[in-house]
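Every number in this text was worked out from the coordinates using simple rules, so none of it is lab data. These numbers were taken from a predicted model, which means no experiment stands behind them. With ideal geometry, Cβ positions are generated from the backbone for all residues, glycine too; neighbour counts draw on all protein chains shown.
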Amino acid sequence: MLIIGSTFVSIYLAAFHAPQPHRLPVAVVGSQRVLDQVEHRLDAGLRDGFTARGYASREDARHALLVREVYAAYITTGPTPELLYAGANGTGVTATVTSAFEAVARSSGHSLKAHDALPAAPGDTRGLSVFYAAFGVVLAGFLFGSLTYQIAPRLEYRLRLLSLVTFAVAAGIVVALIAGEVFHALPGPFIGIAGIAALMAAASGSITMILLRLCGSAGVSLATIVLLIFGNATSGGILPADYLPAWLYPLHAILPVGVGVHAIQGLSYFHNDGLATGIAILLAWILASTVVLYLRDVWSTTRIRPADGSPHHHAASGHTPAPYLITSHEGATASDWVMSGRSPGDHRL
């Protein structure tokens with residue numbers, strides 16, 4: 001418990017104690033000379049905090065903002081510099097880009113006109129609802145995965161997978177109803193939100209299951225660290241992954257929480273940005289986990305050997321059957337002593 005608590009404190013403080021962007025992409029509309037000046041002034045305010053990209057027109061820069069190619073667009077072609085930002089990215093990003101570009105405008109003797117080109121939903125004024133929804137889904141998946149073998153240790157493999165699918169579908173529907181229909185916090189289509197949430201629940205549940213089956217009771221602790229600590233800290237639900245330290249950044253693109261959050265945000269606001277990639281990665285996690293579970297629970301068949309090394313005898317032979325040692329692969333990690341009345345092929349899934 002101390003290790004888990006220490007890991008939680010360390011990871012969350014590393015990610016959020018003083019968050020700053022790292023090469024956050026922003027658009028600049030103007031000449032090459034203006035682009036160079038803006039990039040220099042941004043770098044003077046926060047070294048390596050932004051990457052300025054030149055765009056030919058306001059429309060091109062706005063489109064880049066709406067599909068999340070950039071997080072702000074600085075327009076210099078009018079009489080007054082204009083900043084376009086997306087409130088859907090959250091208040092943290094909004095504060096970062098407005099503060100940075102206000103300084104850029106002041107350095108050239110102008111005031112800045114800022115405009116929210118893509119505001120967050122009415123029920124999500126701070127842009128954090130996707131993080132809370134994702135955290136709830138992953139927590140539920142973790143609890144399902146950690147309890148399924150305790151509640152039903154001898155459940156057949158196919159029935160265990162059916163229970164996982166049933167749980168995931170129910171979790172997706174409940175999250176989409178609460179976040180979308182009740183609180184109006186996620187404006188994406190109901191089926192889409194429910195589908196991504198279901199995939200996240202199935203992925204987190206199946207990952208917890210394989211860690212539990214491969215590592216025993218230590219697997220629960222490992223799943224806590226991987227999914228609930230590293231996964232949620234690097235999800236991008238609080239701040240975009242561009243704010244993460246370099247050593248945490250890669251986890252955003254591979255763990256189920258990060259790709260799920262990115263997909264839901266894209267589905268809700270940013271013209272499906274990250275949706276296809278998110279679905280592919282979540283399905284890959286689910287497929288890989290179910291294959292490992294199959295190999296662990298089904299393919300590695302029950303092995304039986306006599307405890308005294310004698311050959312197998314049936315009860316009909318008239319000999320007193322010797323005890324046999326069964327190494328069970330379904331729902332148990334210890335070996336059970338049984339009588340030799342069971343044949344080597346007699347096992348339960």
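When you filter the trypsin sites (Lys or Arg not before Pro) in region 21-61 for DSSP loop state and at most 16 other Cβ atoms inside 10 Å of their Cβ, you are left with R23, R47.
Dipole size of the chain about its Cα centre, with +1 on Lys/Arg Cβ and -1 on Asp/Glu Cβ: approximately 440 debye, rounded to the nearest 20.
The Cβ shell under 15 Å around R41 holds other residues with a net charge of -2, Lys and Arg each +1, Asp and Glu each -1.
Helices meeting the span-like rule in the chain (full DSSP H runs, Cα extent of at least 27 Å along the helix axis, mean Kyte-Doolittle score of 0.5 or higher): 129-151, 157-176, 190-215, 275-294. Net charge in the neighbourhood of Y55 (other residues with Cβ under 12 Å of its Cβ; Lys, Arg +1, Asp, Glu -1) is 0. As a rough footprinting exposure proxy, the listed residues F8, F50, F16 were ranked by other beta carbons within 10 Å of their own, and the order from fewest upward is F16, F8, F50. Reported value for region 7-68: 85 Å³ per residue, from the convex hull of its C-alpha atoms.
Distance between the modelled labels on L118 and Y294, one decimal in nanometres: 3.8 nm (7 Å Cα→Cβ projection). Taking semi-axes √(5λ) of the Cα gyration tensor in Å as calculated from this structure, the corresponding entry among (i) 55, 19, 15; (ii) 55, 24, 17; (iii) 37, 24, 16 is (i).
Summary of the geometry: region 226-244 and region 135-157, compared by the centres of their Cα atoms, lie 23 Å apart. For V34, V97, V67, the sequence from fewest to most other C-beta atoms within 10 Å is V67, V34, V97.
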